[in-house]
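The values are calculated or read from the model by the stated rules, or taken from the named source; none is laboratory data. Since the model is a prediction, treat every value here as computed from it, not as a measurement. Glycine also receives a Cβ, built like all others from the backbone with ideal geometry; neighbour counts cover every protein chain displayed. Remember, those area values only see protein heavy atoms, side chains included, never the ligands or the DNA or RNA. Shrake-Rupley method; radii C 1.70, N 1.55, O 1.52, S 1.80 Å.
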Amino acid sequence: PPRIEKGVWVGRRRGRVVLPPRALCVTNTASDTMADKLDNALDLVRRLPPTDIEDNLQSLLDIAPDLIEDLLSAVDQPLRIAHDKVANRDYLLCDYNRDGDSYRSPWSSKYDPPLGDGAQPSPALRKLEVQANEVFDIYRDLYFEGGVSSAYLWDTDDGFAACILFKKTQDQTRKGQPMRGTWDSIHVVEVVDNKKSAKYTLISTVMLTLETKTEATGTVNLAGSLTRRDEREMPVSNATPHVTNIGKILEDMEIKLRQSLETIYCGKTKDIAVGLRSAITKDEQEQRNRLQRELGGAVGRRAGGGK
């Protein structure tokens with residue numbers, strides 16, 4: 001599992017909670033070349049279509065196999081779903097529940113494929129993990145009305161850390177407009193426990209893909225990701241345990257992310273589409289311009305005393 005060294009989360013995602021393990025510790029020309037190679041690869045990923053991120057990442061790994069570890073930990077990919085046969089529940093796969101080639105289920109804490117010495121949270125933290133999964137499963141049902149959620153916790157020197165995941169896939173028709181899309185949200189929180197209070201550092205990433213198709217607009221694709229950070233210190237008691245505090249911060253963050261996606265990304269896309277194409281014909285536009293000039297002249301003559 002990931003660990004924390006001097007406030008830096010080691011061994012996980014770059015840009016959210018960790019800096020690349022090799023890219024920043026450069027001491028010679030070979031390391032400089034590796035760091036430049038990684039930066040170029042990440043720069044290329046940012047410029048390629050987000051909807052093809054998995055295919056693009058695989059192509060980069062084929063070209064530069066020496067960057068496999070860094071790219072897989074640095075590039076956000078859509079969450080994948082697996083099924084826990086023991087608990088008969090679906091769960092989400094990510095770096096935070098992976099050990100080698102196996103993934104741990106939050107419901108039974110079993111690895112698939114089976115792994116005898118796989119990393120596990122401490123007994124007390126496992127109890128908190130079970131509670132967190134139950135709480136965020138209710139949250140998912142209320143906010144997303146479907147989908148899959150998972151919560152993973154691991155011990156740190158100053159407390160613990162958690163990763164809460166949500167995935168909702170929409171592939172139905174609503175109000176006569178076919179729409180399909182996917183919402184993937186990844187919330188990683190570091191908790192520094194001070195007994196009666198705790199410091200929570202949350203870094204959230206949302207990946208959104210939408211596709212609509214109508215006769216009036218044709219096919220419209222919208223895809224992208226958004227990352228935000230929040231930090232709070234909150235009291236901890238029987239009335240406000242860690243799960244409650246994390247839930248409050250996470251809920252506020254998801255509301256902010258949804259508002260940003262709606263007003264900035266969707267709104268900007270609408271402005272660009274309206275600017276690129278006109279809903280009226282050229283003749284109608286000329287008639288409007290002529291009427292505007294006539295009204296302007298009439299107002300001017302009236303203001304000048306009817307001359």
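What the table shows:
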{"item": "Calculated FRET efficiency for the pair residue 195/residue 169, C-beta based, R₀ 45 Å, to 0.05", "result": "0.60"}
{"item": "Theoretical gain in end-to-end length, residue 66 to residue 36 [0.36 nm per residue, Cα-Cα removed]", "result": "9.5 nm"}
{"item": "Overall dimensions of the chain by Cα: Rg and Dmax, Å", "result": "25.3, 97"}
{"item": "Positive-end extreme of charge dipole, the chain - chosen from 216, 291, 303 (charges on Cβ)", "result": "303"}
{"item": "Candidate residues 220, 189, 86: accessible-area rank, largest first, probe 1.4 Å", "result": "86, 220, 189"}
{"item": "Carbon/sulfur fraction of accessible area - the chain, other protein chains in place, 1.4 Å, %", "result": "52"}
{"item": "Percent RCO, i.e. relative contact order, over the chain, from Cα pairs under 8 Å lying at least 6 residues apart", "result": "10"}
{"item": "Extension gain (nm, one decimal) between residue 44 and residue 289, 0.36 nm per residue minus Cα-Cα", "result": "83.7 nm"}
{"item": "Relative contact order (%) - criterion: Cα under 8 Å, at least six apart; region: segment 75-134", "result": "21"}
{"item": "Residues of segment 149-239: accessible area per residue with a 1.4 Å probe, Å²", "result": "52"}
{"item": "Label-point separation, residue 234 to residue 52 (7 Å along Cα→Cβ), nm", "result": "4.2"}
{"item": "Built amide H within the under 5 Å cut-off of residue 194, gap 5+", "result": "199"}
{"item": "Per-residue [θ]222 nm for the chain (sum of -39500 (n - 2.57) over DSSP H runs n ≥ 4, rounded to 500)", "result": "-12000 deg cm²/dmol"}
{"item": "FRET efficiency for residue 108 and residue 280, using Cβ-Cβ distance with R0 set to 45 Å, rounded to 0.05", "result": "0.15"}
{"item": "With all protein chains modelled, accessible area of residue 272 [1.4 Å, Å²]", "result": "90"}
{"item": "Solvent-accessible surface ranking, highest first, for 290, 302, 98 at 1.4 angstrom", "result": "302, 290, 98"}
{"item": "For the chain, the longest site-free run once GluC sites (Glu not before Pro) in DSSP loop states with at most 16 other Cβ atoms within 10 Å are removed", "result": "1-144"}
{"item": "83, 242, 187, reordered so the largest accessible area comes first (probe 1.4 Å)", "result": "83, 242, 187"}
{"item": "Given charges at beta-carbon only (K, R positive; D, E negative), |dipole| of the chain in Debye", "result": "1640"}
{"item": "Modelled FRET efficiency - R0 22 Å, residue 82 with residue 222, Cβ distances, 0.05 increments", "result": "0.20"}
